[in-house]
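Here the structure is laid out as structure tokens; the discussion comes afterwards.
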């Protein structure tokens, strides 16, 4: 009896998923059907590459039997390329890659300029989402005095399981630094400021079990700029998850119930991220933790306006097309991070 190979296991799982998705009973549970659909779409490129490899292998054997030396050489090169692609596709994916996400942008050092830069980042992510066919929803936002955002939380969703959100946007987590002449600068001097980005996988209720007895819920009146009350009822909600100390505050919605629902959504995402980080630590596979403090020295990417340059400090990516990137042309930057992550995982497999 031969041992099952990773490609055999992938083909077997794909066939099983196909059978399950063909069962009408599975679709009675929309959450389960969605998860199965995501996994099926995730395995699709690998299965296609395996079948392409099988076909090329058959063509190679036939060419050898017929003594077609030129074709043998071409098919050997083709097979090597397919095998490399399969190897990359077999690299274990992070368990939350197929999920939608919550994206938080928070102004840091730099005052009004930092809030304006946070607004630029939000526009960049909004344009990028539009290009990829994703839907963006604002959950909560606090605007800056001169524009932009002091902090904002966005939900980013995909309607297509083959075009997942978190697997790409997760690389945006960290501190983003900008170098430019602020609109408030009268002497024309270049300033450096920063904004922090946190990306969390969107959690469904089945992903995170929350005991209501573990929650402390406080209500208070919403406040606007300068602290003045903007609501005559206690509609703002602060939810504290006592076992972990994770706290979420919401005041954007008009009713207490709406703010509670929005707060629970963010709380679930944060608790799922915490659970995934703990699991990764147990597996000794922590993958570049996102920076939660907005400190200019802990930067992941710099946007340099005088030089029209974007530089990512993790992958080494550099390009002189700053305005295009800020207009949503993010795919080359993110792909450099995907490739670097895949290379690191492959190196880890090789040394294991």
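Here residue 114 fulfils each of the conditions (1) in contact (Cβ under 8 Å) with a residue 60 or more places away in the chain; (2) within 30 Å of residue 346 (Cβ to Cβ) apart from (2). Is it the case, given these coordinates, that residue 96 is in contact with a strand residue (DSSP E or B) (Cβ under 9 Å, 6 or more places away or on another chain), part of a loop (DSSP other than H, G, I, E, B) and buried (at least 18 other Cβ atoms within 10 Å of the Cβ)? Spelling it out, residue 96 is indeed in contact with a strand residue (DSSP E or B) (Cβ under 9 Å, 6 or more places away or on another chain), part of a loop (DSSP other than H, G, I, E, B) and buried (at least 18 other Cβ atoms within 10 Å of the Cβ).
From the list 81, 74, the lone residue that is part of a helix (DSSP H, G or I), under 30 Å from residue 50 (Cβ atoms) and touching a helix residue (DSSP H, G or I) at 6+ places or on another chain (Cβ under 9 Å) is 74.
A quick yes/no check of all residues on (1) at pLDDT 90 or above; (2) in contact with a strand residue (DSSP E or B) (Cβ under 8 Å, 6 or more places away or on another chain); (3) under 30 Å from residue 321 (Cα atoms):
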position	(1), (2), (3)
232	no, no, no
239	yes, yes, no
242	yes, yes, no
249	yes, yes, no
276	no, yes, no
284	no, no, no
303	yes, yes, yes
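Scanning the range 22-38 for residues being under 23 Å from residue 94 (Cα atoms), surrounded by fewer than 18 Cβ atoms within 10 Å (Cβ to Cβ) and touching a helix residue (DSSP H, G or I) at 6+ places or on another chain (Cβ under 6 Å) gives a total of 1.
Here residue 7 meets each of (1) in contact with a helix residue (DSSP H, G or I) (Cβ under 8 Å, 6 or more places away or on another chain); (2) at pLDDT 90 or above with one exception, condition (2). Residue count for the range 294-337, restricted to those that are in a helix (DSSP H, G or I), surrounded by 15 or more Cβ atoms within 10 Å (Cβ to Cβ) and out of contact with any helix residue (DSSP H, G or I) (no Cβ under 7 Å at 6 or more places or on another chain): 2.
Can you tell me which residue among 203, 195 is crowded, with 21+ Cβ neighbours inside 10 Å, over 24 Å from residue 313 (Cβ atoms) and touching a residue at least 12 places away in the same chain (Cβ under 8 Å)?
Details: 195 fails: over 24 Å from residue 313 (Cβ atoms).
Within the list 203, 195, the selection yields 203.
Tell me, please, whether a residue that is outside any loop (DSSP other than H, G, I, E, B), without any contact (Cβ under 8 Å) to a residue 24 or more places away in the chain and within 20 Å of residue 269 (Cβ to Cβ) can be found in the range 145-168. Within the range 145-168 (the criterion being outside any loop (DSSP other than H, G, I, E, B), without any contact (Cβ under 8 Å) to a residue 24 or more places away in the chain and within 20 Å of residue 269 (Cβ to Cβ)), the answer is no, since none of the residues qualifies.
The values are calculated or read from the model by the stated rules, or taken from the named source; none is laboratory data. Remember, predicted model here, so these are calculated numbers, not experimental data. Methodologically, a virtual Cβ is constructed for each residue, glycine included, from the backbone with ideal geometry; neighbour enumeration extends over all protein chains shown.
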